Amino acid sequence: MPELKEYLPELKETTRVRTRRGYHYYFSLNGEYVKSTSSLFGKRLELKSNGNYVVAPPSIIKAHQYVYEIPLSEMLPIPKLLIKKEKEPISCVEDRKHKIFKMPKYHGQKVDCIRQILSRDLEEGERNNSLFILYNLLLQNKNTEEYSKKIVFGKNRSLSNPLTGQDLEKVFRKAYNYGCSSIRDKLVYIKCGNCEYKFEDGKLKDSNILIKNIRILPELSNAEAKIALMLGIVFDGENPSVTKISKKTKMNYNTVKKAIIGLKGKGII
């Protein structure tokens, strides 16, 4: 984003690391508290601060070595623009033309993707899917239809560019039971790492298929092991069809079906 350097000219001079997909820029906090976000300036930009971590040099990920293009000794203080921006409450989105959106109470607090959708000023191109998924997640977590619609209406009114009434009505179509993998596929800004529904203290829960069956994993065939990994990581907590697993793994349908039968026979699923 070339225009980002207009907002933050310090990016040209501060510590910079070349990553597989772009750059990491480093700033020193100097005692300031800066809130982390996955949507800096309403864009798909991550800002990681207190309590977060990033991959740093000389790490190697998928044959790419992370290296400093500008060394740590050149690190600049955190720009004031970021301090001001991230001290604004994450629980509300404000625009002069729209109401202030305050984070509502709802069932499903451990499902962090609900909070992430509610906290984001949704952009054109992501509003429909985000609000549709938000509505269905609220229903899945035992919020009433009336209350779920109230939350979605309020969220839409708070957006800088809200949906029209006609488009918003399409959000409330037949409910769909969304799992984590489907949400990640449709909403690229969702980060699963903080979700208490799936993780406990940053680790997979004991109910995870891999954790429960870790002792017998070495006994599985290659196909069974690959499917078990997919069920434990990508589809954790879901019940995907053979077709969906086949498409995700790019494996033959019959091979997947046979592996599923084998996993069932061994009592893994």
Selection within region 108-123 - in a helix (DSSP H, G or I) and of a type in the set (D, E, K, R): ASP112, ARG115
ARG215, sole failed condition from (1) more than 28 Å from the chain's Cα centre (by Cα); (2) modelled with pLDDT of 90 or more: (2)
Members of region 214-241 that are outside any loop (DSSP other than H, G, I, E, B) and surrounded by fewer than 17 Cβ atoms within 10 Å (Cβ to Cβ): LEU217, PRO218, GLU219, ASN222, ALA225, LEU229, ILE233
Residues satisfying the stated conditions in region 29-83, i.e. more than 18 Å from CYS192 (Cα to Cα), in a loop (DSSP other than H, G, I, E, B), among the polar types (S, T, N, Q) and at pLDDT 80 or above: SER59
Residue in region 89-101 that is modelled with pLDDT of 80 or more and at negative phi present: no
Single match in LYS248, LYS244 (criterion: touching a residue at least 60 places away in the same chain (Cβ under 8 Å) and either aromatic (Phe, Trp, Tyr) or touching a Phe, Trp or Tyr at 6+ places or on another chain (Cβ under 9 Å) (or both)): LYS248
Checklist (1) more than 23 Å from the chain's Cα centre (by Cα); (2) closer than 27 Å to LEU122 by Cα applied to ARG44, failing item: (1)
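Table: residues versus (1) touching a Cys at 6+ places or on another chain (Cβ under 6 Å); (2) among the aliphatic types (A, V, I, L, M); (3) not in a helix (DSSP H, G or I).
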position: GLY125; (1), (2), (3): no, no, yes
position: SER130; (1), (2), (3): no, no, no
position: LEU134; (1), (2), (3): no, yes, no
position: LEU138; (1), (2), (3): no, yes, no
position: ASN143; (1), (2), (3): no, no, yes
position: LYS149; (1), (2), (3): no, no, no
position: PHE153; (1), (2), (3): no, no, no
position: ARG157; (1), (2), (3): no, no, no
position: ASN161; (1), (2), (3): no, no, yes
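The values are calculated or read from the model by the stated rules, or taken from the named source; none is laboratory data. Quantities reported herein were computed from a predicted structural model and do not represent experimental measurements. Using ideal geometry, Cβ is built from the backbone for each residue, glycine included, and neighbour counts are taken over all protein chains shown.
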